[in-house]
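Novice: One structure, as structure tokens, below. Some questions next.
The values are calculated or read from the model by the stated rules, or taken from the named source; none is laboratory data. This one's a predicted model, so the numbers in the text were calculated from it and none came from an experiment. Please note: Cβ atoms are built from the backbone with ideal geometry, for glycine as well, and neighbour counts cover all protein chains shown.
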Amino acid sequence: MNTWTDIGFTSHGVRNLTPKESFELSSRGAVIVDVRKSYLSNFKMFNTGNVIYLPYSELADAYSDLPHDKLLIFADAVGLRSRESVLFMNEHGFENAFNMAGGIVDWERDGLPLTTDINNRLSGSCMCQIKAREERERH
């Protein structure tokens, strides 16, 4: 079984990959698991063939369906919920889980491919209050 010990870096007990490493590995079969809520992941999406959208709030119910034999790269906006996802996966016996350090923010900054849906624009005064524009207008 592959232990993926020769890639990434470890910080505070979590194995991490940069967005560039994540993109390269996804083109070789690794799976990016996007744990952002749908109103965030529907606006800007990782444009690579191997992406599973699984919000963090649903991870505990669906983690066992994720592949054990492929490298899983957990991602979110900046690497916080994805880090928690990796810790959860490690606790449940998954040795193939990595965190994408910097998330989609650094992915975009590095010029990696994105798909942007302008019909799902976001608005808010800061990252902690960002919501889908349509959701914000309903409140």
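Novice: Can you confirm whether residue 51 is over 13 Å from residue 97 (Cβ atoms), surrounded by fewer than 21 Cβ atoms within 10 Å (Cβ to Cβ) and among the aliphatic types (A, V, I, L, M)?
Specialist: Numbers: over 13 Å from residue 97 (Cβ atoms): yes; surrounded by fewer than 21 Cβ atoms within 10 Å (Cβ to Cβ): yes; among the aliphatic types (A, V, I, L, M): yes.
Here the answer is yes, as residue 51 does meet what is asked.
Novice: Let me ask you something else. Restricting attention to helices (runs of 4 or more DSSP H) lying wholly within segment 1-90, give those where 3 or more residues are in contact (Cβ under 8 Å) with a residue 24 or more places away in the chain.
Specialist: Numbers: elements: 19-26, 38-41, 59-62.
Filter on segment 1-90 gives 19-26.
Novice: Give segment 66-117 a look and list any residue that's touching an Asp or Glu at 6+ places or on another chain (Cβ under 8 Å) and surrounded by fewer than 18 Cβ atoms within 10 Å (Cβ to Cβ), or say none.
Specialist: 78, 114
Novice: Please enumerate the residues belonging to segment 97-112 that are in a helix (DSSP H, G or I) and within 19 Å of residue 27 (Cβ to Cβ).
Specialist: Within segment 97-112, the subset in a helix (DSSP H, G or I) is 103-109.
If the condition is that a residue be in a helix (DSSP H, G or I) and within 19 Å of residue 27 (Cβ to Cβ), then 103, 104, 106, 107, 108 are the ones that fit.
Novice: Now for a separate question. Please work out if residue 59 is aliphatic (A, V, I, L, M), surrounded by fewer than 16 Cβ atoms within 10 Å (Cβ to Cβ) and on the phi < 0 side of the Ramachandran plot.
Specialist: Details: aliphatic (A, V, I, L, M): yes; surrounded by fewer than 16 Cβ atoms within 10 Å (Cβ to Cβ): no; on the phi < 0 side of the Ramachandran plot: yes.
So residue 59 does not fit the description; no.
Novice: I'd like to check something: does segment 33-44 contain any residue that is closer than 15 Å to residue 15 by Cβ and modelled with pLDDT of 95 or more?
Specialist: Within segment 33-44, the subset closer than 15 Å to residue 15 by Cβ is 33.
If we keep only those that are modelled with pLDDT of 95 or more too, we end up with 33.
Yes, segment 33-44 contains a residue that is closer than 15 Å to residue 15 by Cβ and modelled with pLDDT of 95 or more.
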